[in-house]
Every structure is written in C-alpha cells, then in structure tokens.
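Q: This is the structure, below, for whatever I ask next.
The values are calculated or read from the model by the stated rules, or taken from the named source; none is laboratory data. In this text, all values refer to a predicted model and were calculated from it rather than measured experimentally. So basically every Cβ, Gly included, is an ideal-geometry build from the backbone, and we count neighbours across all protein chains shown. The area values use the complete protein model at the heavy-atom level, side chains included, leaving out ligands, DNA and RNA. Shrake-Rupley method; radii C 1.70, N 1.55, O 1.52, S 1.80 Å.
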Amino acid sequence: MSSRALRRLKGEQRAQAALNTLKLTGEDEEEQTKGDTTAHKQKNISNIFELIGEADVDVSVSDEETAERISDIKPGAASLEKDAVKDEKSNKKKKKKKKKALAENGRDNAVPTKKGHNRVLEPQADDLSVGDDIDAFLETLEKKKSISYQSLDNSASENRPVLYVEHRNLNPETELKRYFGVRAVLGDQRSKQRPRQFHRCTWMTVFKDTWPRFSRPGISMSLVESKNGIQHFTFEHNRDYQQVQFKFFDAVESMDPNNFVVLLQLNPYHIDSLLQLSDVCRIQEDQETARDLIERALYSFECAFHPVFSLTSGTCRLDYCRPENRAFYLVLFKHMTFLEKRGCPRTALEYCKLILSLDPDNDPLCMLLIFDFLCLRCREYTTLIRLFEEWEVHRNLSQLPNFSFSVALSYYHLSQREDISPVENHQLKQKSNVLLQNALIMFPGALMPLLDLCTVQPDALVSSHVFFGPSSQIGQPPALSELVALYVGRSHSLWKEAGLMLWLEENVRKVLKRVDSHDPYLEDCQNKRKQRYQSAPRNIHRHVLMSEIKEATATLPLEVTTQPGMGFDPLPPLDSIVSYIRPERQNMGASNEGTLSLFFRSLLPNFNLQVSGCITVCPSTQFTSV
C-alpha cells in the first residue's frame, strides 16, 4: 500500500468516526421529525464523506447548517468531525473518489525506482494486519523504501563499468555540500544581486563573472573514426589560433612571464598560455589564480566539444600523439591535482577516471599510479578492489608497488567496518594480511622510506635484518626505485594511523619469519625484480614530472632531466602526429653561439643575439613537434 493511500485511509477513518456519530444522532432526529424535506436533509448529512470529499456533488445543506448540526453532538465527536472536514477540504483539488482510494488499498506495496516507475513487491501478511495503527505502518513502509533504494543503488553501481563517470561528481560543489552543507557553500553566492548572464551549460566548470567575455578562440573538435563502438576524436586549431600559437612560442623563447600576460590580454582563452601562466602563479604560491586559469582553459575546451562526444560513456578516445589533444589531458590532470589539494578527493577521482577512459590502453599520463591514492582518500575501497580484479589479468597491476600496498590497505579498512559479520571480518583481515606480506616481499625497499616519512623508528630486529636493510634499496633496478619513491612520497600520509602501524608491524614480523624459513615465494619475487623494472616507459617519467614529488623526481634518469622540458608539453611522444608546423623565422642562422653569448643569455633572459649581428638562441625546430 502506498503512503498516499495510507494517509487517505487515515482521513477516512476520522470521517467514519464522525459518520457513526451522525448516524446515531440522525436516528434520534428521524423519530422526531416529519415531512419529506427533513428526510431529504437527513439523507445528505448521513453521507458526510461525500459532503466534504466530492467537489461535483450537489449539496443541498449549507455549511452553516452542517455546523449547527455538528454543534449539537457531544464535544469529542464535534472536534473529530471538524478535523475530518479540514483534512478533506485540503484534498478537493485532487478529485480522488472513494472507490479509487479503496482500490489502492488492495494494491501491494510499490516502491518507486529511479526512473519513476513503481516496482511492485510481494504482499506481506503482516502489513495487512496492522489495523488502526496507521502511523506505525507508515514508519515501517518508509524503512522498507530506504532499504529498497539502497539495494537498487548497489545493484546499479555493480552493473556499471569500473571507469563510469557521473556528471554530478565532476562538480566539486557536490562534494563540498556533502561535507559542509548547502548554506556554507552557496551562502556568499546567494547574497550577490547581479544581472544574470546566460552562458553555455557545462559539466566540468561554470563560467565566472570575473572571467573575460568568452568568444570562441578557434578550437573545434572533429570525429576521426568510429570503430567497434569506440569513437576517436581530435581537437583542431583554425588558422587564427595557429597564429596565436606561434606568438606563444615566441613568448616561451623570451623566457619572460609578462609576455604571457600580454598574450592573454589579447587572447584570453588561449590554452597553452593559460597552462604556462598557471605554472608561473603556482610557483609564486598564488594557488587561487593558478586554479582559476586552469578552470578557464577547461571551460574553453568544453565549449569546443563535438555534439557526439561524451564524458561519461567511456567510449570516446583522444590520441595523445596529436599535439592539439595533449593540452586537454594536461588541463584535466592539473585540475584534478588542484581538486585533491582543495580537499575534494571524490571529485578528483572522477576526473582520474575521465582521463584514464580517454585512452585506457596506452594511459599516456599513467593515471594508474594515482588511482589507488584517490580511492583511499575518498574511501572508495570497493572501486579500487574491483579495478584490481578486472585489470590484473591483462595489465599486471600487482607489479606496481602502489597497487600492491593499496589493495591490501583497502581490505584492511573494509575489515574494520562495524556492519559486517565476524566471519566476514575474519576473511577480510586474513586477505589483507596475505596481500600486505606479499607486497613487502615483492618490494622490500619500500618499508624503510615509508617508516622514515611517517616518523616511525623501527626496532633493531627489522632495521638490522638484511632483507629490509640498505641493500634492499641499493640493489633495486632504476625503474623500481622510481615507482617505490613515487608511491612512498605520495601515500605515506595514509599510513600515519596508529592502528595501521600496529598492523604493519605485525605483518613485517611474519615476513621476517618467512624469510628466515626460506619461503619459495621470496626467490620468485627476486627473479621478477631482476628481469623487470630495467627501464620505465615514457608515460611513467611524464607522470613523475607532472606530480612534482621530490622523492620521485630525484630518481629520474639523466636522459629525462637533461633535455629541455616545457610545462605546456612535458616529454612529448616520440611519434607525434604534426598537423601544422611553425614557419621559420627570418634572419636565422646556424646555432654556433659562443661562450660569451651564453653568459649574457644566462644573465639577461631577454637578451637578443640579433642585436650584435648573431643568431637567436632557441631555434624554431625545437617546436616543430608541438
């Protein structure tokens, strides 16, 4: 039975009580009255429910006469009748007849689904025997509805892909409202009385009044191909935007941030200039301005989306080899970083899914190295475990230190919940112990740096053991040292809880016992470390550079640190697909500058060698692949 029908039934019971009282009074009056007119009045008053509930009934008795008749009844019945009249008059506009209400009473309990339809449940014998306690039955019904909603949400989340992106989770205000309330987040916005300006509705960011007036900067998106349900898109630059891009390259060569400001004054939505100036503001610790510039670039990109391009479908791809697409990846990554630092890890996780879904096979920014950290920050433990189980077969996620430790940590947090049975608690705890021990055996060089950053002093048994000693860090391959340093530098704050340290200490002692007993799993892990991790791919180096974690950047190889790096395009792919080339500048010669010119260049970034009859320092060929 629906809640609306139950409330109507409650009103009917009140009316029925007044009806019984009127019937008794009417029988006494019928014996004393004579004539057809009096009988006709009595007939209308006896059906009091039709009198107060039907708008189409021709009533021959006025409200004043009805009030006089009710006033003759004893006070308790009169007050009950007045309540019934008041309740039923408020429902006149609905024009629901008594037969329809009775038909609803026979209907089984229906729970509305998300699409607005009713999902009929099986009839319950206990519900029909509730009797007059309507309030208790309504409370029971609400509990059943909440349980049904939870089951529907859980089943829906399980059927969705693991990289499913929700539009509402792309807005950081959704997460902030959940933490602090709507009034705390939107309180200052409500007080502003400004004329409303209409802008394009976007999902990732909202146009701000402090931004310059938006005009299309010359970026568009086109569909390259659609194959096997996967759609490949690419951004394109028109001729005017290409000219602005060439001016941007000149500003980069000048090494003067003021040139970016001048360029943005004329072209306020040029993507690469916004990226470069955002880095300058962030280095100067102006985080607010840096974040605002990234949001402006994000808005410019979203206004250029193709009508078929979808953020949530997971079937849209962007090739990172095309220079026009790289800026979109970088803007999303920097926006995700700002969201995580702002205290919105759930929103940052949604952007991480979005970046990973644009090219899950190649993963040009190696988002798998930060996916686990964001899941643990926002307590999405089941999401991390599900991704690990689904991708382990073809991606070997257990060979990444961050996934080996984070999955074990997720099982541990799940075992600490209070709403699970003791049997399930024991199973989850055993699973977490096994995974943590395997991670410590596979990556022994991660323990001591982790304890050092957590300001925990290990006991002499652990620090003096050869398995976790300095040799475990020195003997690591270069690529493995880079991955371990990245994980420890980023995720050490997740291990600072007292309970986690006790759990870690317990499993470290068990690992030492397995090492002393010559467990065959140790030799297997040692062979894997020797055969793998010899050299890290380019996307891992790119991720380390963009993350700016000092523990990890110190482990980068020389071929990465010695080559010139551009903030708007860090470590471009070697197989870039160039769509247009920067024209050669006039008066260009061979790059044979002397020591004196390099000295002046280091002192004066704006020093131009053409003034002294020499050539420019930065050749144009450096940007042909951008």
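Q: Could you tell me which of the residues L409, L435, L486, L461 is in contact (Cβ under 8 Å) with a residue 12 or more places away in the chain and surrounded by fewer than 19 Cβ atoms within 10 Å (Cβ to Cβ)?
A: That would be L461, the only listed residue that is in contact (Cβ under 8 Å) with a residue 12 or more places away in the chain and surrounded by fewer than 19 Cβ atoms within 10 Å (Cβ to Cβ).
Q: Select, from T312, T234, the only residue that is outside any loop (DSSP other than H, G, I, E, B) and in contact (Cβ under 8 Å) with a residue 12 or more places away in the chain.
A: Just a single option satisfies the conditions, and that option is T234.
Q: Return the total of residues in the stretch 344-382 being on the phi > 0 side of the Ramachandran plot and either among the hydrophobic types (A, V, I, L, M, F, W, C) or touching a Leu at 6+ places or on another chain (Cβ under 8 Å) (or both).
A: 2
Q: Next up: Within the stretch 354-363, restricting attention to residues that are touching a Phe, Trp or Tyr at 6+ places or on another chain (Cβ under 8 Å) and open to solvent by less than 10 Å² (accessible area, probe 1.4 Å), which residue is nearest to C316 (Cα to Cα)?
A: Step by step, filter the stretch 354-363, then rank; the result is L358.
Q: Going through the stretch 412-432 one residue at a time, which ones are farther than 20 Å from V511 by Cα, of a type in the set (S, T, Y) and open to solvent by 10 Å² or more (accessible area, probe 1.4 Å)?
A: Once the filter is applied, which keeps residues that are farther than 20 Å from V511 by Cα, of a type in the set (S, T, Y) and open to solvent by 10 Å² or more (accessible area, probe 1.4 Å), the stretch 412-432 yields only S421.
Q: Ok, one more. Of the residues K528, K513, which is out of contact with any strand residue (DSSP E or B) (no Cβ under 8 Å at 6 or more places or on another chain), in contact (Cβ under 8 Å) with a residue 24 or more places away in the chain and open to solvent by 20 Å² or more (accessible area, probe 1.4 Å)?
A: K528
Q: Between I577, I540, which is open to solvent by less than 60 Å² (accessible area, probe 1.4 Å) and either under 28 Å from V244 (Cβ atoms) or out of contact with any Leu (no Cβ under 6 Å at 6 or more places or on another chain) (or both)?
A: I540
Q: Would you mention how many residues in the stretch 254-270 are open to solvent by 10 Å² or more (accessible area, probe 1.4 Å), in contact (Cβ under 8 Å) with a residue 24 or more places away in the chain and within 33 Å of the chain's Cα centre (by Cα)?
A: Total meeting the criteria: 2.
Q: Test S432 against the criterion of being within 18 Å of L376 (Cβ to Cβ), of a type in the set (S, T, N, Q) and in a helix (DSSP H, G or I), and give yes or no.
A: Spelling it out, S432 is indeed within 18 Å of L376 (Cβ to Cβ), of a type in the set (S, T, N, Q) and in a helix (DSSP H, G or I).
Q: Could you check the stretch 317-343 and list, in sequence order, the residues that are out of contact with any strand residue (DSSP E or B) (no Cβ under 9 Å at 6 or more places or on another chain), part of a helix (DSSP H, G or I) and open to solvent by 10 Å² or more (accessible area, probe 1.4 Å)?
A: K334, T337, F338, E340, K341, R342
Q: Go through the stretch 555-573 and give me each residue that's open to solvent by less than 70 Å² (accessible area, probe 1.4 Å), touching a residue at least 24 places away in the same chain (Cβ under 8 Å) and in a loop (DSSP other than H, G, I, E, B).
A: Correct list: T555, L556, P557, G567, F568, P570, L571, P572, P573.
Q: Hey, another quick one. Within the stretch 466-483, work out how many residues are at pLDDT below 90 and open to solvent by less than 80 Å² (accessible area, probe 1.4 Å).
A: The total comes to 6.
This table checks each residue for (1) of a type in the set (A, V, I, L, M, F, W, C); (2) touching a Cys at 6+ places or on another chain (Cβ under 6 Å); (3) surrounded by fewer than 18 Cβ atoms within 10 Å (Cβ to Cβ); (4) in a strand (DSSP E or B).
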position	(1), (2), (3), (4)
S215	no, no, yes, no
S220	no, no, yes, yes
V224	yes, no, yes, yes
F246	yes, no, yes, no
V252	yes, no, no, no
D272	no, no, no, no
L277	yes, no, no, no
E288	no, no, yes, no
I294	yes, no, no, no
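Q: Can I ask one more? Modelled with pLDDT under 95 and in contact with an Asp or Glu (Cβ under 8 Å, 6 or more places away or on another chain): is that true of Q245 in this structure?
A: yes
Q: Then there's this: Restricting the search to the stretch 516-554, which residues are part of a helix (DSSP H, G or I) and of a type in the set (D, E, K, R)?
A: If the condition is that a residue be part of a helix (DSSP H, G or I) and of a type in the set (D, E, K, R), then D516, E523, D524, K528, R529, K530, R538, R542, K550, E551 are the ones that fit.
Q: So is S493 among the small types (G, A, S), part of a helix (DSSP H, G or I) and farther than 26 Å from K530 by Cα or not?
A: yes
Q: For the stretch 461-501, which residues satisfy the criterion of being polar (S, T, N, Q), within 22 Å of L369 (Cα to Cα) and out of contact with any Leu (no Cβ under 9 Å at 6 or more places or on another chain)?
A: Q473, Q476, S481
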